[in-house]
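Quick notes on the structure that follows.
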Amino acid sequence: MNKRRFRPSPAMVVACLALFVALGGTALAASYVVSSNSQIGPNTVSGHHPPSGKHANLIRESIANADLSAGLKTSLKLHCPSGLRRAADICFDPSPRAAAGWLQAVKTCASAQGRLPDAGELALVFDHLGAPQGDQWITAPLNSGPQGEAAVLGDDNSRNLLLAFSSLPVPEPYRCVTSVTN
């Protein structure tokens, strides 16, 4: 029996060797971590306008709170628009607005770049204020009550939440809320 053995050509050997070298170099480059500025050439990370100071290039974890400007630090903090207070992730009117019908309350809040709170948000406001609050309009579907009414939320002297319905044209106090911004 005549057994024939496969013998790669010299070109195939060179091609396979080049492939393994190329793959090995890519793997080595992927695992290389820059740990100091001396390992980076000038104008490679930060470009032609590097930051001033000790580190012309930025390396991982090289920027601390002290490196940030006061204006940037202030802009990164969450805050409420002027006149509103913060409770968790919402801003709210510190005092209820004068009593108005539900639709007028919705319009007034919208013109102030806000909205009526839902029941959970108003409960959070009540908890943040720490004192019993009277009934106030909340966002609820129109006609949610039996006679074309909208929901109001309040709490009693024991701080128990009370959900009720009020006729739409009947005035009730309300608060506007909005999201915190940075």
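No value in this document is a laboratory result; all are computed from the given coordinates. Here the structure is a predicted model, which is why all the values come from computation and not from measurement. Here Cβ is always computed from backbone atoms with ideal geometry, including for glycine, and neighbour counts include all displayed protein chains.
Things to note:
- Where labels lie 7 Å past Cα in the beta-carbon direction, separation of Ser38 and Asn160 in nm: 7.4 nm
- Near Ala87: Cβ cut-off under 14 Å, other residues only, Lys/Arg at +1 and Asp/Glu at -1. The net charge is -2.
- Pairwise label distance in nanometres, Leu76 with Val180, each label 7 Å out on the Cα-Cβ vector: 1.5 nm
- Alpha-carbon centroid distance for the pair segment 109-134 / segment 59-108, whole angstrom: 15 Å
- Length added when fully stretched, Asn65-Val14, from 0.36 nm per residue minus Cα-Cα: 13.0 nm
- Shape category assigned to segment 85-179 from the gyration tensor of Cα positions, a/c cut at 1.5: oblate
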